[in-house]
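A.B. asks: Quick one: the structure is below, questions incoming.
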Amino acid sequence: MSPLADKVLMVRPAAFCYNEQTAANNHFQQSTSLDPGALQQQALQEFDGMVRTLVAAGIEVLVVEDTPEPIKPDALFPNNWISTTPDGRIHLYPMFAPNRRAERRKGIVDLLQRQFNVGRVNDWSFLEEQEVFIEGTGSIVFDHAGRTAYAALSPRTDRAALSLVANAHGYEAVAFDAQDAAGRAIYHTNVLLSIGQHFALGCGAAFTNSEERTSVQERLSGSGHEWIDITFEEMAAFGANLLQVRNKKGDPCIVLSATAQRALAPEKLTLLEQQGTLVPVSVPTIETVNGGSVRCMLAEIFLEEKERR
């Protein structure tokens, strides 16, 4: 059975703005005419609203404030630079955009080490020196039940780096090629594939190789996941950028954006509702300007909390 996180880390942005360095291969991004101050305020409203919604659903959220300097336009997407595993490890990842590397803050790692039992920190950031990148659970979607690490190859997701990280987890690496409706490589795997406890929701049409698609779907079926197929249009509305977690009662919840909820066909929402309570949140500015949605804003905390004395 796949473990579900019962805590998530979120980083409250200090300087949200359009990131030109990531726009080169994130085709979900759209430039904006809003001035930086107004943009930051809208992003804060959406972020704070999302936190309130998650807390109201009983999901435990650890919020960390971003630092104003250096400016980090994508600081609210921590899942790209950090992940955790139930065996007490923290994993740090190499980032494609130079201005995103400052998001990897020692202070956040130290905070986790103070609050949780952490045995080791695996730091893969040295790969940046070789221009090799693998951006956390943006690049890799883990099937914990099947002990498999899935990744769509792109300028941000390197095959060799995937193998390194998968091996460190004791998982098998499965790489594949995927494109959007315009034939462009999809920048992050988690915009086309989400794996929950008993479901896998993905855009089958995005796989450029039908044999790779069939292999992935059969593997996921073999580890107990029902495949829910979405269209290019649903994917473009962040329909796959969702995350299943547990609330404090132990009940499964599926966090997704209001954009995704509106785009997903009713029968697909019904299938998702059978897997957990849907928790929709509205983050349209964040989605439009920097091309990431709610899954990107959530770094799962699988670590065991330290006993309080």
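Each value in this text was obtained by applying a stated rule to the coordinates, not by laboratory testing. Just so it is clear, the structure is predicted and the values come from calculations on it, not from any experiment. Methodologically, a virtual Cβ is constructed for each residue, glycine included, from the backbone with ideal geometry; neighbour enumeration extends over all protein chains shown.
A.B. asks: How would you order 162-171, 279-288, 292-301 from highest to lowest mean count of nearby Cβ atoms within 10 Å?
C.D. replies: 292-301, 279-288, 162-171
A.B. asks: Taking the chain as a Gaussian network, Cα atoms linked when under 10 Å apart, which of P78, P36, P252 shows the biggest mean-square fluctuation?
C.D. replies: Highest fluctuation among the options: P36.
A.B. asks: Here's a follow-up. Output ³J(HN,Hα) for the range 148-155: one whole-Hz value per residue in order, computed from phi by the Karplus curve 6.51 cos²θ - 1.76 cosθ + 1.60 with θ = phi - 60°, and x for Gly and Pro.
C.D. replies: With the stated coefficients, the range 148-155 comes to 9, 10, 9, 8, 8, 5, 6, x Hz.
A.B. asks: Under the rule of at least 5 residues apart or a separate chain, name every residue whose amide H is placed under 5 Å from the amide H of V11.
C.D. replies: V64
A.B. asks: While we're on this one: If you add up the charges near S215, with Lys and Arg at +1 and Asp and Glu at -1, over every other residue whose beta carbon is less than 15 angstrom from its beta carbon, what do you get?
C.D. replies: Counting the neighbours of S215, the net charge comes to -4.
A.B. asks: In the structure shown, do any of K7/K248; K7/K268; K7/K306; K7/K249 have a Cα-Cα gap over 19 Å, and if so which?
C.D. replies: Exceeds cut-off: K7/K268.
A.B. asks: Cut-off 10 angstrom, C-alpha nodes, Gaussian network model of the chain. Which of A43, A181, A151 fluctuates the most?
C.D. replies: Fluctuation is largest for A181.
A.B. asks: Determine the relative contact order of the chain: mean sequence separation of Cα pairs under 8 Å and six or more apart, normalised by residue count, in whole percent.
C.D. replies: Taking the mean separation of contacting Cα pairs over the length of the chain, I get 25 percent.
A.B. asks: Could you list which residues have their amide H under 5 Å from that of N247, counting only those 5 or more apart in sequence or on another chain, with H placed in the peptide plane?
C.D. replies: C253
A.B. asks: How many angstrom lie between the Cα centre of the range 258-309 and the Cα centre of the range 84-135?
C.D. replies: The distance from the Cα centre of the range 258-309 to that of the range 84-135 comes to 22 Å.
A.B. asks: From the P(r) of the chain, could you give the percentage of C-alpha pairs in the tail past 34 Å?
C.D. replies: 13 percent
A.B. asks: Ranked by Cβ crowding within 10 angstrom, fewest neighbours first, how are E304, E46 ordered?
C.D. replies: If I rank by nearby Cβ atoms, fewest first, I get E304, E46.
A.B. asks: Return an integer: the convex hull volume of the alpha-carbon atoms of the range 126-269, in Å³ per residue.
C.D. replies: Dividing the Cα hull volume of the range 126-269 by its residue count gives 123 Å³.
A.B. asks: Based on the alpha carbons, how large is the Rg to Rh ratio for the range 73-162 when Rh follows Kirkwood?
C.D. replies: For the range 73-162, the value is 0.96.
A.B. asks: Separate question: Lys/Arg Cβ at +1, Asp/Glu Cβ at -1, dipole of the chain taken about the Cα centre: which of C296, L153, P266 is farthest positive-ward?
C.D. replies: Among C296, L153, P266, the one farthest towards the positive end of the dipole of the chain is C296.
A.B. asks: Classify the range 122-209: rounded, prolate or oblate, from the alpha-carbon gyration tensor (a ≥ b ≥ c, eigenvalue square roots; a/c under 1.5 rounded; otherwise prolate if a/b is larger than b/c)?
C.D. replies: oblate
A.B. asks: Sequence-distant or interchain residues sharing an amide H contact under 5 Å with A145, placed H: which?
C.D. replies: Those lying under 5 Å, H to H, from A145 are S2.
A.B. asks: Oh, and also: Each residue of the range 203-210 in order: what ³J(HN,Hα) in whole Hz does its phi give by Karplus 6.51 cos²θ - 1.76 cosθ + 1.60, θ = phi - 60°, with x for Gly and Pro?
C.D. replies: 9, x, 5, 6, 5, 7, 10, 5
A.B. asks: Still on this structure, please answer the following. At a Cα cut-off below 19 Å, give the lysines reachable from K106, other chains included and same-chain residues fewer than 8 away excluded.
C.D. replies: Cross-link targets: K72.
A.B. asks: What does DSSP give for the range 7-300 in terms of the percent of beta bridges that are antiparallel, rounded to the nearest 5?
C.D. replies: Roughly 45 percent of the beta bridges in the range 7-300 run antiparallel, per DSSP.
A.B. asks: Now for a different question. Per residue of the range 97-110, in order, report the coupling 6.51 cos²θ - 1.76 cosθ + 1.60 (Karplus, θ = phi - 60°) as ³J(HN,Hα) in whole Hz, putting x for Gly and Pro.
C.D. replies: Along the range 97-110, the couplings run 7, x, 6, 8, 5, 6, 5, 6, 9, 4, x, 6, 4, 4 Hz.
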